[in-house]
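Here is the structure we will look at, set down as C-alpha cells.
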Amino acid sequence: MKRFYILTFLTLSISSFNAQKSDNSLKQAFQNKFYIGTAMNLEQINGKDKKSVDIIKKQFSSIVAENCMKSMYLQPQEGKFFFDDADQFVGFGEKNNMFIIGHTLIWHSQVPNWFFIDKDGKNVSSEVLKQRMKNHITTVVSRYKGRVKGWDVVNEAIMEDGSYRKSKFYEILGEEFIPLAFRYAQEADPNAELYYNDYNEWHPGKVKTVIQLMKDLKSKGIRIDGIGMQAHVGLDTPSIDEYEKAMVAYTESGVKVNITELEISALPSPWGTSANVSDKVAYDEKMNPYKKGLPKDVQAQWENRYQDFFKLFLKHQDKIRRVTLWGVTDNQSWKNDFPIKGRTDYPLLFDRQFKVKPIVEKLIKLTETK
Ligand code: 9MR
C-alpha cells in the first residue's frame, strides 16, 4: 500500500512538472518585454492546419499575414477587392487578443500588373498611379481601422547601397511615392502605427537612406512610428555587432524597431542574406547537406545564433516593439525554396512534426536573467 502511495505521488509530481514545463510559452515569457509574433499562412488562417493554430494561440502575442494581405490578393483587379482571407486573419487575431500587423500596402513584388498600366499596356501617368495607391491604401486601411494596429506601409524600396529600388512605383512617381503612401495610410487610420519594412537593413548605405527618409517624412509632417528590420539571417551573416549598430541608429532617429520576418537558416548560403524573391540559384546537391536532420555541431551553432540574437533584443528591449518569426514550423518556411528550390532547412522554432524545439525553452530562460 505504502509503495502504491509513493508511486502515485511520484507519477503525479513528474506529470505536474512536465505540465509546468510545457506550460511555459514565449508569449508569457516576453510579455513585459515586447510582442512576440509569427506570420500566418493560409492553411493556418482558415483553420485547416489545426496543429499550427494551437501553437500560435499558445505561443504568440502578435500575428502578421504571410501573403493574403498583399495587393495582388486584396485587389486582383482594379476596384475588385477580395477580403475573405484577410477578414478571417484579423478575426482570428481579435479573438485571441493579438497585436495584429498588416503586411504590406506598397511593395514592388506581389503587386498586380494592372496597378501600373493603362488599357494599352503603357505606364499610367503619375496622377493615375497616385489615385490607385490612394484608393488601395484607403480601402484596405479603413476596413481594418482600429483593428490592425500597425501597417508595413512601404516594403523593400531601398537597395543595400542606399539607392532607391528602380521599381514601377519609383519609375512613375520618383521618391515621392513613399511619403504619399504614408500620408494616405495616416489619413485612413490616424491611430495605426506606420512602418517602413526592409531586408538587409544593416548595410550602412541602406541605414543612411532609411534615416534620411524618416527625416524627410517628419519634416513634411508625416508620421512614421517604426522601422521593420527583417531578419532573414544565416549562421554567420550579419554579425550581431552590425545588426546592433543599425538598430541603435534607427532608434536614435526617434522610432521603435520591429524585428520582422525572423528566421535563421541552417544551410549554406550562396551569397549571404538577400530576401529578394527574384534572386534564385540552381539546385546543387552539395548545397542541401542536411536532408535527414542537422548534425549536432550545426544544431549547437544554430541554437547559439538564436540565443545571440535574443540576447541582443533583450538588451535593447526598450527600443523594440515586436519580434516576429516568419512562420511556425520548418516545413512551412519559404527558406526551403529560397534561394535554392527544394532544400531541407531548419530555420524556425517548431519542427516538421509540430514539436517545440529545445531552443524555445532556452529563449524563455534568457528572459529570466535580464
Ligand atoms: O514568405 C512569403 C512567401 O510565401 C511568398 O512566396 C513570397 C513571395 O514574394 O513572399 C514571402 O514573404 C516575403 C515578405 O512578404 C517580404 N519580405 C521577404 C519575404 C520572403 O520573400
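The values are calculated or read from the model by the stated rules, or taken from the named source; none is laboratory data. A quick note: this is a predicted structure, and the numbers were derived from the prediction, not measured. Positions of Cβ are backbone-derived with ideal geometry, glycine not excepted, and every protein chain shown enters the neighbour counts.
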Reported set for segment 108-130 where residues are farther than 12 Å from residue 79 by Cα and out of contact with any helix residue (DSSP H, G or I) (no Cβ under 7 Å at 6 or more places or on another chain) is 109, 113, 117, 118, 119, 120, 121, 122, 125, 127, 128
Strands (runs of 3 or more DSSP E) within segment 178-268 that include 3 or more residues closer than 19 Å to residue 162 by Cα and modelled with pLDDT of 95 or more
193-198, 226-233
For segment 57-74, which residues satisfy the criterion of being within 16 Å of the ligand (Cβ to nearest atom) and part of a helix (DSSP H, G or I)?
71, 72, 73, 74
Test residue 231 against the stated conditions and say whether it is surrounded by 14 or more Cβ atoms within 10 Å (Cβ to Cβ), among the hydrophobic types (A, V, I, L, M, F, W, C), touching a residue at least 60 places away in the same chain (Cβ under 8 Å) and within 16 Å of the ligand (Cβ to nearest atom).
yes
Take the residues in segment 256-277 that are among the hydrophobic types (A, V, I, L, M, F, W, C) and more than 18 Å from the chain's Cα centre (by Cα); name whichever of them is nearest to residue 324 (Cα to Cα).
266
If I go through segment 75-115 residue by residue, how many of them are part of a strand (DSSP E or B) and surrounded by 15 or more Cβ atoms within 10 Å (Cβ to Cβ)?
9
Quick check: anything in segment 315-324 at pLDDT 95 or above, of a type outside the set (Lys, Arg), surrounded by 17 or more Cβ atoms within 10 Å (Cβ to Cβ) and within 16 Å of the ligand (Cβ to nearest atom)?
yes
Which one is nearest to the ligand (Cβ to nearest atom), of the residues in segment 301-314 that are farther than 24 Å from residue 227 by Cβ and touching a residue at least 24 places away in the same chain (Cβ under 8 Å)?
302
Those residues of segment 75-98 that are within 16 Å of the ligand (Cβ to nearest atom) and more than 17 Å from residue 113 (Cβ to Cβ) come to a total of 3
Residues in segment 142-175 that are within 16 Å of residue 205 (Cβ to Cβ) and assigned to a loop (DSSP other than H, G, I, E, B) total 9
Evaluate segment 289-300: report whether one residue or more is closer than 27 Å to residue 337 by Cβ, within 16 Å of the ligand (Cβ to nearest atom), touching a residue at least 12 places away in the same chain (Cβ under 8 Å) and not in a helix (DSSP H, G or I).
no
Any residue in segment 125-147 that is under 24 Å from residue 355 (Cα atoms) and either at pLDDT below 95 or in contact with a strand residue (DSSP E or B) (Cβ under 6 Å, 6 or more places away or on another chain) (or both)?
no
Residue, surrounded by the fewest Cβ atoms within 10 Å (Cβ to Cβ), within segment 329-345, restricted to residues that are part of a loop (DSSP other than H, G, I, E, B) and within 12 Å of the ligand (Cβ to nearest atom)
341
Condition set assigned to a helix (DSSP H, G or I) and not β-branched (Val, Ile, Thr), scope segment 47-56, selection nearest to the ligand (Cβ to nearest atom): answer is 52
